[in-house]
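Data first, discussion second: the structure below is written as structure tokens.
The values are calculated or read from the model by the stated rules, or taken from the named source; none is laboratory data. Note that the structure is predicted; figures quoted are calculated from it, not measured. FYI the Cβ positions are ideal-geometry reconstructions off the backbone, even for glycines, and counts take in every protein chain you see. Remember, those area values only see protein heavy atoms, side chains included, never the ligands or the DNA or RNA. Shrake-Rupley method; radii C 1.70, N 1.55, O 1.52, S 1.80 Å.
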Amino acid sequence: FLSVFRARINGAGFSVKSAGGWPKFVIPTSEIESVEVVHVNPLGEFGGWGWRLSPTHGQGIVMRTGEGLRITRTDGRKFTLTIDDAATAAALLQGIKDRNDE
């Protein structure tokens, strides 16, 4: 169950959960400070693949090397998800955040 994750972006914010329902991460738009596209090196940044914790890069769901979405929360915590077309995901999440901040 920890090899398949589903991410969702909607008006409430960002969520990701495994196929089994746990672990599940929810980040409301009110807690999002910034969103960026990053290149993820699983071994170098997170010490491996899967659900990971890094002292530098925060929590992550890191399934492969390559592009990812990194969310920084208002309290400074970070969450990274490797995902196809991270630029579209980042733009969508930033747009929703900006709209909710108005």
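Can you pull the one-decimal nm distance between simple spin-label points at ARG64 and SER30, each 7 Å off the Cα toward Cβ?
3.7
Nearest 10 degrees is fine. How inclined is helix 86-101 to the longest principal axis of the chain, computing both from alpha carbons?
Tilt relative to the chain: about 30 degrees.
If you average over every viewing direction, what projected area does the convex hull of the Cα atoms of the chain give, in nm²?
Working: hull surface 23.2 nm².
Seen from a random direction, the Cα hull of the chain projects 5.8 nm² on average.
Using unit Cβ charges (K, R positive; D, E negative) and no other charged atoms, how large, in debye to the nearest 20, is the dipole of the chain about its Cα centre?
Values: 12 positive and 11 negative charges, 90 e Å.
Once rounded to the nearest 20, the dipole reads 440 debye.
When only C-alpha pairs under 8 Å and at least 6 residues apart count, what is the relative contact order of segment 13-68, in percent?
26
Run the accessible area of the chain with a 1.4 Å probe and give the carbon-and-sulfur part as a rounded percent. Write out the running numbers ahead of the final one.
Values: 2950 of 5690 Å².
With neighbouring chains kept in place, the figure for the chain is 52 percent.
Taking 0.36 nm per intervening residue step and subtracting the Cα-Cα distance, what contour gain separates THR74 from ALA12 on full extension?
Details: separation 62, 0.36 × 62 = 22.32 nm, distance 1.57 nm.
Net length gain for the segment: 20.7 nm.
Taking the dipole about the Cα centre of the chain, with the C-beta of Lys and Arg at +1 and of Asp and Glu at -1, give me whichever of PRO28, MET63, ASN41 is farthest to the positive side.
MET63
Rolling a 1.4 Å sphere over the protein heavy atoms, what is the accessible area per residue of the chain, to the nearest Å²?
Values: 5690 Å² over 102 residues.
For the chain, the per-residue accessible area is 56 Å².
Rank LEU81, LEU92 by accessible area, highest first, at a 1.4 Å probe radius?
I get LEU92, LEU81, largest accessible area first.
What FRET efficiency comes out for THR56 versus GLU102 if R0 is 30 angstrom and r is the Cβ-Cβ distance? Round to the nearest 0.05. Walk me through the numbers before you get to the answer.
Numbers: r = 33 Å, r/R0 = 1.10.
In this case the efficiency is close to 0.35.
On a 1.4 Å probe surface of the protein chains, which of GLU45, GLU102, GLU33, GLU67 comes out largest in accessible area, and what is the full order? Write out the running numbers ahead of the final one.
Working: GLU45 40, GLU102 180, GLU33 110, GLU67 75 Å².
So, going from the largest accessible area down, we get GLU102, GLU33, GLU67, GLU45.
Taking R0 as 25 Å, what FRET efficiency do you get between LEU92 and SER3 from their Cβ-Cβ distance, rounded to the nearest 0.05? Let's see the in-between values first.
Numbers: r = 25 Å, r/R0 = 1.00.
With R0 = 25 Å, the Cβ-Cβ based efficiency is 0.50.
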